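Visitor: Input: one structure, supplied below.
The values are calculated or read from the model by the stated rules, or taken from the named source; none is laboratory data. Computed from a prediction, not measured in an experiment: that's the story for all the values here. Because the Cβ atoms are built from the backbone with ideal geometry, glycine has one as well, and the counts that use them run over all protein chains shown.
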Number of protein chains: 4
Amino acid sequence: MATATLLISCPDQKGLVAKVADWLYSHNGNIIHADQHTDAVANLFLMRVEWDLAGFRIDRHEIDSKFTLLADSIEARWQLHFSDRVRRIAIFASKQDHCLYDLILRQRSQELQASIPVVISNHPNLEPVAHNFGINFHYLPITSETKTAQEVHQLALLKQYDIDLVVLAKYMQVLSPNFLADFSQVINIHHSFLPAFAGANPYQRAHERGVKIIGATAHYVTEDLDEGPIIEQDVIRVSHRDAVSDLIRKGKDLERIVLARAVRLHLENRVLVYGLSANPNLGLRTVVFD
Amino acid sequence: MATATLLISCPDQKGLVAKVADWLYSHNGNIIHADQHTDAVANLFLMRVEWDLAGFRIDRHEIDSKFTLLADSIEARWQLHFSDRVRRIAIFASKQDHCLYDLILRQRSQELQASIPVVISNHPNLEPVAHNFGINFHYLPITSETKTAQEVHQLALLKQYDIDLVVLAKYMQVLSPNFLADFSQVINIHHSFLPAFAGANPYQRAHERGVKIIGATAHYVTEDLDEGPIIEQDVIRVSHRDAVSDLIRKGKDLERIVLARAVRLHLENRVLVYGLSANPNLGLRTVVFD
Amino acid sequence: MATATLLISCPDQKGLVAKVADWLYSHNGNIIHADQHTDAVANLFLMRVEWDLAGFRIDRHEIDSKFTLLADSIEARWQLHFSDRVRRIAIFASKQDHCLYDLILRQRSQELQASIPVVISNHPNLEPVAHNFGINFHYLPITSETKTAQEVHQLALLKQYDIDLVVLAKYMQVLSPNFLADFSQVINIHHSFLPAFAGANPYQRAHERGVKIIGATAHYVTEDLDEGPIIEQDVIRVSHRDAVSDLIRKGKDLERIVLARAVRLHLENRVLVYGLSANPNLGLRTVVFD
Amino acid sequence: MATATLLISCPDQKGLVAKVADWLYSHNGNIIHADQHTDAVANLFLMRVEWDLAGFRIDRHEIDSKFTLLADSIEARWQLHFSDRVRRIAIFASKQDHCLYDLILRQRSQELQASIPVVISNHPNLEPVAHNFGINFHYLPITSETKTAQEVHQLALLKQYDIDLVVLAKYMQVLSPNFLADFSQVINIHHSFLPAFAGANPYQRAHERGVKIIGATAHYVTEDLDEGPIIEQDVIRVSHRDAVSDLIRKGKDLERIVLARAVRLHLENRVLVYGLSANPNLGLRTVVFD
């Protein structure tokens, strides 16, 4: 079944559910999933609505232009997605393979509705993994001197492969503001329960602090390191018996699962980012319509 | 803010969200929360919609009769609730006080929007707890001989106190089909992760089986013991170090929390029971619009 | 059954388990529970051993002096506790009653082996709760001007009531270094998953950050606010639907449970604090022998 | 560091810790990890002790015979394991690849200290996965007619490959009592929170029952299907939105993690099976020394 999904955010007012549902019904749209949220602080109405394209009386190429009328009347920002357009993912990795394998295997088993045409890495180690699954691999080593130039290469590759989403699968480099200005759809996995242990060596620091639970956090990448809007988090219990190496081992399971869930939610168009203030970079949060 | 909430279930068809949202909007209703679910197996559309009564152009006493028109046209079963009508709870207890205290304290701290005018018990022990909080206490001891007669007393008390909901807070008696035919809004807490360890002595049996996790289950009571539709469950990890007494202790925390959550979800009209088959007593499940 | 428990920490070396177990066995001690941990970084051996006093051939008043010989030979720091000496707890509270009620009810139901002779508060609100359970209540209001003097009063009360442990049950004041120098056995509950959201208003800040999980942390109080050694933590999932008031409500359940677990572990002499470095105030962690 | 581990179970009596610790210390053994448990119901003392072989004054080939003296004197059943003897695992699989991949990748990343020389399957599908990692693959299709004969082949392969442990990684066949009589070290993953939904189609049945949490269980295989001693369990929350296919997807993550944990605990000799009664097949439980 091919579906269309609208993600809508607009100033809150009466009748928004009715207006959107009416518009769909008037064109014979059968809603599969509809969910709304109103953020009282930001005075925002946020909605996800997914409907069956079969029988829908607007051709899919005209939905965009037709919906604009309604969207304008409610001052909405919106995205339109089709379930049968397969998104293209570029995975950025470094040396660790657990998240890379995990994403590829989930994609292969149809758990992630996407294609993965390319892996880009600042180390050569994982080339066999990519090739093993018939995925192109680009080795772009990065030093402080070459970083700017290599990011230009990376961006060119994203264009070349027609990439929709970059997933940082334990990619141990920080993307520059320039990169993000050019390509902003990036999901990262941070190996801590943010905002605890933002920055480097979170497992080491968690061990030193003697926490009884560790976590992992998947978030959209913004210019502010480890400050991007959180998509998903999960945790696991640890004890004094766990050395740093045990935290790393336990954390790898968290990283895999949390990152995969976040990518899946993104691919299913279930994540809507919004800000609590007028400043577009401040206080970004997500609504996850699951 | 006073709100009204409709819980609707009807055969699935196109345009249901639009029809309900339209009806509300046409009477100037401002939706606070709307959520839907379609069960493909049962071919049922299930919806919860809550709106602000301020500014709504139908008098609250006429909402019922006005909505009937729409409801009939979509063959819906439905319930209408008002947030400012305080539901009245009767707590049934036996000897254990932890769930009784928990519910009373949550009610006192406004976490549960309800009143608790009466506690009914088959043991006299908890009378001081009830009286301490100014709650009437009725001691109705039960033997196999007196059970039928005492249930008549219980039902009379429910009428007398104008009770909307009975909560079995570790009440160690089974309600008869006759009782339930007369009063069906009953929530129970079972001290296991149903369907595991249904019946008696679940902690003892969990210990013997050597499980690594125990649970608790809150469900609506039906004639089929421990088979009623599940509202909420939660679990906690245990180990070989935990004796049966430790399982009981850990379980008490689960029982408290799971029962309180279920009661809260019920009071906020977030729980809709439906069946997977035409048989109204078979395969009952809940949608929890949280 | 009356038992004795030794908590031992000493430089790691061969034969420590044998030496301690031998000493007990040679005096006819029957070990009920023994657990050890070696911290490789700190090069410390940490042990908890609990044995039945029945049949033990050293009189309980002489255990201390007799064990000193062994302890000195392995350069151990150690504590000796008897299970039948009921510890005396002073609860410090402010306005919120949920942790206070929780601790009292667990003590009443024998879940906590201790007595609670006194509640001390900087607000008068909770006096009825204390009196209801026959517990003395002292109202010691605190301003920046009166803090030093009132802490002197508090310390005098701790002496007067012969208190072993202070539990800060949502006590909204910071204890001064002077207080802690005089009385150091203090457990606090912080309403966040430390080190995330240390300091004030953690639920508000968690909401703004858009985290998907919130937590609570019980720790020993040290001079460094929110930096004391962690005894126990737990978490619960939240979503965009949860307003700050929902986080507070969900957090209250966490606070209750996490604090009660920590107090219980302390009372059962299962918590051993040690430092990762020679600096006695730096990097304090706990071993929890559970 | 090469270590030796003893897993001991014997009738409870005084001095057992001392005797074992003394024996090790008298031969210059440095204990790395020691843990004990006493089951009061079974009157059994259960112990795990691991020590450094460096400096130990008994040659590793003589430990067995030397320890027998002590073991006999305390009527102990015991196992001796060396950390540097790499255990050999045969994975049994059917069509699903997620647990197979997971175990192989964990083995490759050194998380599991074992070798995996062979995969045996009743379907040909997963041969490429095995070959991809250089693992031999044997396709032994099974019908009710061929089952007995194929089990003979399986057992021959286990001998041929010198296998220590069989892991059923979603192997959809039941091993016969004959097989288990010949080879008893078998770990299975069951896709439910046992004892709930023992038997076939647990996800389907969990969905019909409307549970709010699903689980997975890793256990040693015994003649009684789904009744073997539980090694590890874990759970995940589900809701009415989750179709059976979602339960399967979520369950796959549980299955992977729970099975891997159980295999790891087994390989580290942390699991000791014992019975609550004299009947060796009744009420088997595990102590997990983690």
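Visitor: Name the residues in region C:213-225 that are at the interface with chain A (Cβ under 10 Å from one of its Cβ atoms) and closer than 24 Å to C:Leu140 by Cβ, would you?
Guide: C:Ala218, C:His219
Visitor: Test C:Ser277 against the stated conditions and say whether it is among the hydroxyl-bearing types (Ser, Thr, Tyr) and without any contact (Cβ under 8 Å) to a residue 40 or more places away in the chain.
Guide: Taking the combined requirement at face value, the residue does not satisfy it.
Visitor: Which of (1) touching a residue at least 12 places away in the same chain (Cβ under 8 Å); (2) farther than 20 Å from A:Asn122 by Cβ is the odd one out, the single condition A:Val166 does not satisfy?
Guide: Tallying (1) touching a residue at least 12 places away in the same chain (Cβ under 8 Å); (2) farther than 20 Å from A:Asn122 by Cβ, A:Val166 fails exactly one: (2).
Visitor: Please determine whether any residue of region D:232-251 is in contact (Cβ under 8 Å) with a residue 60 or more places away in the chain and over 23 Å from A:Ser109 (Cβ atoms).
Guide: No, region D:232-251 contains no residue that is in contact (Cβ under 8 Å) with a residue 60 or more places away in the chain and over 23 Å from A:Ser109 (Cβ atoms).
Visitor: Between D:Ile189, D:Ile213, which is touching a Leu at 6+ places or on another chain (Cβ under 8 Å), assigned by TED's automatic domain parsing to the domain that holds D:Phe92 and under 30 Å from B:Ala40 (Cβ atoms)?
Guide: Answer to the check: D:Ile189.
Visitor: Return the only residue of C:Ser26, C:Ser109 being under 30 Å from C:Phe133 (Cα atoms) and surrounded by fewer than 18 Cβ atoms within 10 Å (Cβ to Cβ).
Guide: None of the other options fit; the residue is C:Ser109.
Visitor: Could you run through region C:173-221 and say how many residues are among the hydroxyl-bearing types (Ser, Thr, Tyr) and over 17 Å from A:Gly215 (Cβ atoms)?
Guide: So the answer is 4.
Visitor: Of everything in region D:245-269, what is over 20 Å from the mean Cα position of the chain (by Cα) and at the interface with another protein chain (Cβ under 9 Å from one of its Cβ atoms)? Give them in sequence order.
Guide: Hit for region D:245-269 is D:Arg249, nothing else.
Visitor: Going residue by residue through region A:273-286, is there one that turns out to be of a type outside the set (D, E, K, R), at the interface with chain C (Cβ under 9 Å from one of its Cβ atoms) and either assigned to a strand (DSSP E or B) or closer than 24 Å to A:Gln107 by Cβ (or both)?
Guide: Yes - at least one qualifying residue is present in region A:273-286.
Visitor: Right, another one. Do you know which residues across region B:76-92 are buried (at least 21 other Cβ atoms within 10 Å of the Cβ) and among the β-branched types (Val, Ile, Thr)?
Guide: Scanning region B:76-92 gives B:Ile89, B:Ile91.
Visitor: Looking only at residues that are more than 8 Å from every other protein chain (Cβ to nearest Cβ) and part of a strand (DSSP E or B) in region D:34-45, which one is surrounded by the fewest Cβ atoms within 10 Å (Cβ to Cβ)?
Guide: D:Leu44
Visitor: One residue is enough: does region A:246-266 have a residue meeting the conditions over 24 Å from C:Ile236 (Cβ atoms), in contact with a Phe, Trp or Tyr (Cβ under 8 Å, 6 or more places away or on another chain) and assigned to a helix (DSSP H, G or I)?
Guide: yes
Visitor: Something else now. Quick one: which of A:Arg85, A:Arg57 is in a loop (DSSP other than H, G, I, E, B), over 30 Å from A:His190 (Cβ atoms) and either in contact (Cβ under 8 Å) with a residue 40 or more places away in the chain or not aliphatic (A, V, I, L, M) (or both)?
Guide: It is A:Arg57.
Visitor: Hey, another quick one. Could you list, in sequence order, the residues of region C:36-56 that are within 17 Å of D:Asp22 (Cα to Cα) and at pLDDT below 95?
Guide: C:Gln36
Visitor: With C:Glu208, C:Glu227, C:Glu223, C:Glu255 as the choices, which residue is within 23 Å of C:Leu105 (Cα to Cα) and either touching an Asp or Glu at 6+ places or on another chain (Cβ under 6 Å) or of a type in the set (Asp, Glu) (or both)?
Guide: The match here is C:Glu255.
Visitor: While we're here: Just to check your reading of the model, which residue among B:Ser9, B:Ser26, B:Ser65 is within 13 Å of another protein chain (Cβ to nearest Cβ) and without any contact (Cβ under 8 Å) to a residue 24 or more places away in the chain?
Guide: B:Ser26
Visitor: Has region D:229-241 got at least one residue that is facing chain B (nearest Cβ under 10 Å), among the hydroxyl-bearing types (Ser, Thr, Tyr) and outside any strand (DSSP E or B)?
Guide: So far as region D:229-241 goes, yes, one or more of its residues are facing chain B (nearest Cβ under 10 Å), among the hydroxyl-bearing types (Ser, Thr, Tyr) and outside any strand (DSSP E or B).
Visitor: Here is a follow-up. On the given criteria, is C:Gly199 among the small types (Gly, Ala, Ser), surrounded by 24 or more Cβ atoms within 10 Å (Cβ to Cβ) and in contact with an Asp or Glu (Cβ under 7 Å, 6 or more places away or on another chain)?
Guide: When the stated conditions are applied, C:Gly199 does not pass them.
Visitor: Now for a different question. Please verify whether D:Arg60 is surrounded by fewer than 18 Cβ atoms within 10 Å (Cβ to Cβ) and more than 9 Å from every other protein chain (Cβ to nearest Cβ), treating the condition exactly as stated.
Guide: Yes: the conditions hold for D:Arg60.
Visitor: Related question: Take C:Arg87 and tell me if it is in contact with a helix residue (DSSP H, G or I) (Cβ under 7 Å, 6 or more places away or on another chain) and among the charged types (D, E, K, R).
Guide: Judged against the criteria, C:Arg87 is a match.
Visitor: May I pose another question? Could you please tell me which pairs satisfy a Cβ distance under 6 Å, a separation of 6+ or placement on different chains, a first residue in region C:171-182 that is polar (S, T, N, Q), and a second residue that is in a loop (DSSP other than H, G, I, E, B)?
Guide: Qualifying pairs under 6 Å: C:Gln173/C:Asn122; C:Gln173/C:Ile142.
Visitor: Something else now. Could you tell me which residue of region A:231-244 is farthest from the chain's Cα centre (by Cα), considering only residues that are closer than 28 Å to C:His207 by Cα and acidic (Asp, Glu)?
Guide: Checking each candidate, the answer is A:Asp234.
Visitor: Just one of (1) within 17 Å of the chain's Cα centre (by Cα); (2) of a type in the set (A, V, I, L, M, F, W, C); (3) within 30 Å of B:Arg241 (Cβ to Cβ) trips up B:Ile187, so point out which.
Guide: (3)
Visitor: Moving on. Do we have A:Gln154 as over 30 Å from A:Arg270 (Cβ atoms) and surrounded by 13 or more Cβ atoms within 10 Å (Cβ to Cβ) here?
Guide: Judged against the criteria, A:Gln154 is not a match.
Visitor: So which residues in region B:210-251 are in contact with a Pro (Cβ under 9 Å, 6 or more places away or on another chain) and surrounded by fewer than 18 Cβ atoms within 10 Å (Cβ to Cβ), if there are any at all?
Guide: B:Glu223
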